[in-house]
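I have placed the structure first, in the form of C-alpha cells, so that the comments after it can refer back to it.
The values are calculated or read from the model by the stated rules, or taken from the named source; none is laboratory data. Worth saying up front: this structure is predicted, and the values here are computed from it rather than measured. FYI the Cβ positions are ideal-geometry reconstructions off the backbone, even for glycines, and counts take in every protein chain you see.
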C-alpha cells in the first residue's frame, strides 16, 4: 500500500516498546487511517501473535515496522558508562542487564513477513538490502524506509523503497538515522520534506512533532502524502503507554535527545536519569538498552518517572486523551479547517 | 502593522551582515510582501541612510530589525579561543580584530526609530523591556519579537509584543534565542508553531527553512499568519550576498550550527573554518564577531569561501536565482497549488 492510497492521510507511528497495541493499530485502521505493529524488541512469536490479534480486530490493512540491525560496539565503548550506572541499580534494587548485541531476530522476522505478508513493511535504523526489499515486494508488501536526511533518502531510493517516512528532529523516541552520529544532519521536518522531495520522486510520509490537524495539513502542503503521528496517539485509551509516562506527556516538561537509555539517540522528556546520564552515554545500541532494561522495568513498576525513558516528541503537550477514532476524526476536521483558513490568508491579496 | 494585514503573507527576513539592501527590501514591499532593513552591525547613521534609501524606492511599509544586546563575556571565556585563531590570521595576512563587547548602539537606534518610526520594529537575541515596547508602539510601530521556544514566547507576550516571529532550528544565520545556550530548546519550526500557538494568542510569523510555496502554505496551515524567508532571498539579484556565498548556497553542502564566527550559535554551510573551529568556540558575542571580522573580510575579498560565515538555512539548495518580485509571485502561486492538492488528499476519504 502506498501512502497516496490511504483513505485518511494519517499513519500511526510504530511506537515500539509498549505503547503500540493491537487495539490501537486496529482502531486507527477502522477509522480509515493506517497503523503499524511494532516488531522492535519483540520475538518473532510475539510479532506473529500481535499480527494475528490485530487481524482479529480489523479487516483493514496495516503494517509492521522492523528495526534494521547495526553491528556490535567495542566493549571499551560502553563498559565505562555501564559502570557509572551501578548506583542507579542499587537505588532501584535491581541488577543491571548484560550489555550485549543482538539483531532483534532480523532474519526470522523477514521470513515471517515474507511467508505471511502485511500491507506495508517499514524500516527504522537503516535501509534493508535491495534483495530484502525485492523479497518483501514479491510477497505483496510495500516497503517504506524511514530517513532523516537527504542522503539516506537517496540510499533508500536506490534500494528500491516504495515510499519514504521522512523523520524530522522533532520526533519522539529513537532517531531513525542509518548511522547514529552527532552533527550536521539534524533537519527540522518542514525543511527535510522540501529537500528530500527535490532529491527523489518517491511518495513521502512526514513524521516528527505532528499533533494537530494544522500540522497534518502543513505536511500535506509541504509535499507529504500522509502524516505519521506517534506521541499524539500515546494518550489514547487503546495505547499501552505506562501510566507514569502517560501522565508526564500531559505536562510542559521540555524534551531532549539522549543516548542514556539505549545507546542510540532518542528524544524523551527531560527527567533525572536523562539529565544525569546523557553526557556520558556512548553510541552502543542495543547494548545500553539491555543494560538499563531492569532499571526501566523497576521504574515502571514503581511509577517512578524519573528513571523511565519517557519518549516524547516536541509537541507532546498537545497530545489529547481521546479514543483513537475520535482523535483521527478531530485531526481531519482541523486539517480541513486550517486549509480553508490558509487559502483565505493567501487569497486576501 | 500586524502580520495578518499583509497583502501577501510573506516577510523577507532581516539578513543582517550584507545580504539585506534597500533594493531588496523595496522590491519585496512593491510585490505586496514585507521586508526588513537590518539594523544589526550598522551605525545609527548608516541605519538612517538605509531607511531613507528604502523609502526612496518604495512607498509601501517596511520594518527595521534590531539586535538586543546581551552583556560582556569574561575575557577568560574567549581569549583561549582567539589565541587558536593566530594561524588563520597569518594564513590570510591579517591581524585579528579586538574581541570586545558593544551594544550595537542600542539606545541611539531606539531613539532614531522613535523619532522617525517605521511600520514594524522587530527584535532578535532578546526581548526589549515593556517600556521600550510601549515607546515604539506609541510612535506608531508594531513590535515583533523573535522567539525560539515557548518560554521566550510567553516573555515577549508579557512585554507587550504585537506579534511573534517563531524561529525553528532550520533557520540560517544566528539563532534568535534570548540566551545562547546548548540543549533542550531546539525546536523544529512546525512543532514550535504548535506549542507557541497554545501558549499565547499573539499573531505568529514563521521562520526557518522556508524556501518553497509548499512550505509557505504549510506554515499558514500550522497557525502562522505569514512566512518569514531569509536564505531563499539571498540569491536574488537585488541581494547584497557576497559572490562566494551566493555560489555556495546553490550547492548541496550540509549546514551546521556553530559559534566559531561570532561567539553565538548560527547556522552556516559546513566549510573548513566551521569544521576546524566550532568545537572550541565559546559563548562570547559579539567578542568573537569582532575578532574574526578581518578574517572574513579577507575571505570575501579573495573569494575564499572556506573562511567565510556562509549563513544558510537547511533548505538553501532550494533557493532560486530570481528577481525578488518574481520569487514572491512564484511562492504565492506554488502555495495556492499546494493548498488545493492538500485539500484533495484530505477530501479523497
Residue count for the range B:310-349, restricted to those that are under 20 Å from the mean Cα position of the chain (by Cα), within 12 Å of another protein chain (Cβ to nearest Cβ) and part of a helix (DSSP H, G or I): 5
Residue check, residue A:162 assigned by TED's automatic domain parsing to the domain that holds residue A:122, modelled with pLDDT of 95 or more, under 22 Å from residue B:232 (Cα atoms) and surrounded by fewer than 24 Cβ atoms within 10 Å (Cβ to Cβ): no
Residue count for the range A:61-73, restricted to those that are in a loop (DSSP other than H, G, I, E, B) and under 21 Å from the mean Cα position of the chain (by Cα): 6
Pick from the range A:183-209, criterion in contact with a helix residue (DSSP H, G or I) (Cβ under 6 Å, 6 or more places away or on another chain) and within 8 Å of chain B (Cβ to nearest Cβ), ranking: surrounded by the most Cβ atoms within 10 Å (Cβ to Cβ): A:190
Residue list for the range A:210-228, filter: buried (at least 24 other Cβ atoms within 10 Å of the Cβ), at the interface with another protein chain (Cβ under 7 Å from one of its Cβ atoms) and in a loop (DSSP other than H, G, I, E, B): A:211, A:212, A:222
Criterion violated by residue B:249 - all others in (1) surrounded by 22 or more Cβ atoms within 10 Å (Cβ to Cβ); (2) within 7 Å of chain A (Cβ to nearest Cβ); (3) over 14 Å from the mean Cα position of the chain (by Cα); (4) closer than 26 Å to residue B:292 by Cβ satisfied: (2)
Selection from the range A:183-209 of residues that are in a loop (DSSP other than H, G, I, E, B), farther than 25 Å from residue A:270 by Cα and within 19 Å of the chain's Cα centre (by Cα): A:203
Positions within the range B:269-281 being surrounded by 19 or more Cβ atoms within 10 Å (Cβ to Cβ) and assigned to a loop (DSSP other than H, G, I, E, B), in sequence order: B:271, B:281
Residue in the range B:231-246 that is within 14 Å of chain A (Cβ to nearest Cβ), buried (at least 24 other Cβ atoms within 10 Å of the Cβ) and touching a helix residue (DSSP H, G or I) at 6+ places or on another chain (Cβ under 6 Å) present: yes
Positions within the range B:2-16 being more than 14 Å from chain A (Cβ to nearest Cβ) and surrounded by fewer than 24 Cβ atoms within 10 Å (Cβ to Cβ), in sequence order: B:16
Helices (runs of 4 or more DSSP H) fully within the range A:74-165 counting 1 or more residues that are under 28 Å from residue A:191 (Cβ atoms) and over 21 Å from the mean Cα position of the chain (by Cα): A:150-159
Which numbered condition residue A:257 misses (of (1) farther than 30 Å from residue B:333 by Cβ; (2) more than 16 Å from the chain's Cα centre (by Cα); (3) within 11 Å of chain B (Cβ to nearest Cβ)): (2)
Selection within the range B:242-252 - touching a residue at least 40 places away in the same chain (Cβ under 8 Å) and either within 15 Å of residue B:301 (Cα to Cα) or part of a loop (DSSP other than H, G, I, E, B) (or both): B:242, B:243, B:244, B:245, B:247, B:250, B:251, B:252
Checklist (1) more than 18 Å from the chain's Cα centre (by Cα); (2) in contact (Cβ under 8 Å) with a residue 40 or more places away in the chain; (3) farther than 23 Å from residue B:44 by Cα applied to residue B:180, failing item: (1)
Single residue of A:39, A:19, A:31, A:23 found to be touching a helix residue (DSSP H, G or I) at 6+ places or on another chain (Cβ under 7 Å), more than 14 Å from chain B (Cβ to nearest Cβ), over 17 Å from residue A:142 (Cβ atoms) and touching a residue at least 40 places away in the same chain (Cβ under 8 Å): A:23
